[in-house]
């Protein structure tokens with residue numbers, strides 16, 4: 001993919017920006033939260049080293065591809081990470097989002113997903129975006145369905161059954177050429 005996104009952008013209440021090394025303490029706290037990791041096949045919190053590796057992958061994806069998961073701020077405070085990345089295992093860009101439990105219930109996930117879809121189907125010219133969610137995470141499933149995703153199939157991910165939801169580029173979005 002030869003497209004890129006701005007290093008930061010606003011989406012309603014959220015500032016979406018490229019992650020930075022300074023985000024590590026927040027990421028360590030985020031992935032140490034039981035509520036956040038409870039939906040994993042092995043619901044164990046990340047170690048600080050695993051969180052540092054995760055942040056390194058996010059920064060590396062931006063360096064290599066010009067887009068990736070954003071660090072998400074609301075009211076000047078970091079509340080999570082999310083966006084789209086290239087998928088090594090599935091067809092389409094992979095949408096992911098992880099918000100701090102203190103930020104749940106404010107509509108940030110839906111706002112983040114909307115921004116990610118505009119980026120994916122706009123400047124990134126994606127044909128398809130996927131979202132992977134476990135059955136034990138109905139809130140995440142509702143966000144995907146509310147955003148237009150449809151269940152496609154069950155897949156095995158990290159040794160556990162996972163629901164794959166997909167959304168194709170809406171027909172009204174044209175990649176190039178004049179408007180009809």
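The values are calculated or read from the model by the stated rules, or taken from the named source; none is laboratory data. The structure displayed is predicted, hence computed values, not measured ones. Cβ placement follows ideal geometry from the backbone for every residue including glycine, while neighbour counts extend to all protein chains displayed.
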Single condition residue 139 does not satisfy, out of (1) surrounded by fewer than 21 Cβ atoms within 10 Å (Cβ to Cβ); (2) modelled with pLDDT of 95 or more; (3) in a helix (DSSP H, G or I): (2)
Filter result for residue 8 (touching a strand residue (DSSP E or B) at 6+ places or on another chain (Cβ under 8 Å) and surrounded by fewer than 13 Cβ atoms within 10 Å (Cβ to Cβ)): yes
Qualifying residue in the range 114-132 (condition: under 26 Å from residue 56 (Cα atoms), out of contact with any helix residue (DSSP H, G or I) (no Cβ under 8 Å at 6 or more places or on another chain) and exposed (fewer than 12 other Cβ atoms within 10 Å of the Cβ)): no
The range 86-106 - residue that is farther than 20 Å from residue 31 by Cα and surrounded by fewer than 19 Cβ atoms within 10 Å (Cβ to Cβ) and, of those, modelled with the highest pLDDT: 86
Residue 105, sole failed condition from (1) free of Cβ contacts under 8 Å to residues at least 60 places away in the same chain; (2) touching a strand residue (DSSP E or B) at 6+ places or on another chain (Cβ under 8 Å); (3) farther than 23 Å from residue 41 by Cα: (2)
Test: residue in the range 129-136 that is assigned to a helix (DSSP H, G or I), closer than 28 Å to residue 79 by Cβ and at pLDDT below 95: no
Test: residue in the range 146-163 that is within 15 Å of the chain's Cα centre (by Cα), in contact (Cβ under 8 Å) with a residue 40 or more places away in the chain and under 26 Å from residue 30 (Cα atoms): no
Matching helices (runs of 4 or more DSSP H) fully within the range 1-71 where at least 2 residues are more than 23 Å from residue 162 (Cβ to Cβ), over 16 Å from the mean Cα position of the chain (by Cα) and modelled with pLDDT of 95 or more: 24-30, 48-65
Filtered residue count, the range 153-167, keeping only those that are at pLDDT 95 or above and surrounded by 15 or more Cβ atoms within 10 Å (Cβ to Cβ): 5
